[in-house]
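These notes are about the structure you will find just below.
The values are calculated or read from the model by the stated rules, or taken from the named source; none is laboratory data. Note that the structure is predicted; figures quoted are calculated from it, not measured. Neighbour counts run over all protein chains shown; Cβ positions are idealised from the backbone, glycine included.
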Ligand code: BEZ
């Protein structure tokens, strides 16, 4: 059975470019993004890891640890990192798990046999501080992911955790948010949203949060 939103993220111990990682312990009280790469020394993966390294300050700002995984061994990752740093104009500043035994890939269902029976697809798991899976994204090997979208997703998740709001289509930080339909008590609405809100339909209410 594949992992679903709300499931506990499976724990594991595996070697990485930063030494052995015991996943839950390594996450600590942070959020986590675990994302898979089909193979070392491949072009799309090279650009993705460079893009992630450049966004590391943005992940840090959101209290998110990023962890890449590829089914190649750590020694191979270490030599590939030289190419990534050179070609992407950055320094890979987060660990890459070695997974030659496919332990992590299998635990997280990252191998989709009808796509490729040995390499992973491009999976993303967003994990909260309670170690619950809060979102998953799956792309084929041929399509590089949009890491700004992953940050946007995390912004939305963290906002909905801290306030009674959801985020509309194409929302980005600073835009109006939606008040969850379950919140109808007028006193509570006034308490939570003293700035007011606009009602388009009884179930579609927008408000502007102070960011
Ligand atoms: C790539 O990262 O470029 C790639 C990896 C596996 C299959 C296709 C593309």
What about residue 22, is it free of Cβ contacts under 8 Å to residues at least 12 places away in the same chain and more than 14 Å from residue 95 (Cα to Cα)?
no
Within 16 Å of the ligand (Cβ to nearest atom), surrounded by 14 or more Cβ atoms within 10 Å (Cβ to Cβ), assigned to a helix (DSSP H, G or I) and modelled with pLDDT of 95 or more: does that describe residue 105?
yes
Going by the conditions given, is residue 69 more than 15 Å from residue 141 (Cα to Cα) and in contact with a helix residue (DSSP H, G or I) (Cβ under 9 Å, 6 or more places away or on another chain)?
no
Scan region 110-130 residue by residue and report those that are touching a residue at least 24 places away in the same chain (Cβ under 8 Å), more than 10 Å from the ligand (Cβ to nearest atom) and farther than 20 Å from residue 33 by Cα.
118
For region 1-19, what are the residues that are under 18 Å from residue 67 (Cβ atoms) and loosely packed, with under 12 Cβ neighbours inside 10 Å?
19
Please identify the pairs in which a residue from region 149-162 that is modelled with pLDDT of 95 or more has its Cβ atom under 7 Å from the Cβ atom of a residue that is assigned to a helix (DSSP H, G or I), counting only partners at least 6 apart or on another chain.
151/58
Can you find a residue that is touching a helix residue (DSSP H, G or I) at 6+ places or on another chain (Cβ under 8 Å), away from the ligand (no atom under 16 Å from the Cβ), within 20 Å of residue 6 (Cα to Cα) and not assigned by TED's automatic domain parsing to the domain that holds residue 75 anywhere in region 192-211?
no
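Limited to region 81-91, what total is found for residues that are in contact with a strand residue (DSSP E or B) (Cβ under 8 Å, 6 or more places away or on another chain) and free of Cβ contacts under 8 Å to residues at least 60 places away in the same chain?
Count: 0.
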Where in region 11-91 are there helices (runs of 4 or more DSSP H), lying wholly inside it, with at least 1 residues that are more than 30 Å from residue 158 (Cα to Cα) and within 16 Å of the ligand (Cβ to nearest atom)?
43-54, 74-88
Residue tally, condition surrounded by 13 or more Cβ atoms within 10 Å (Cβ to Cβ) and assigned to a helix (DSSP H, G or I), over region 175-202
2
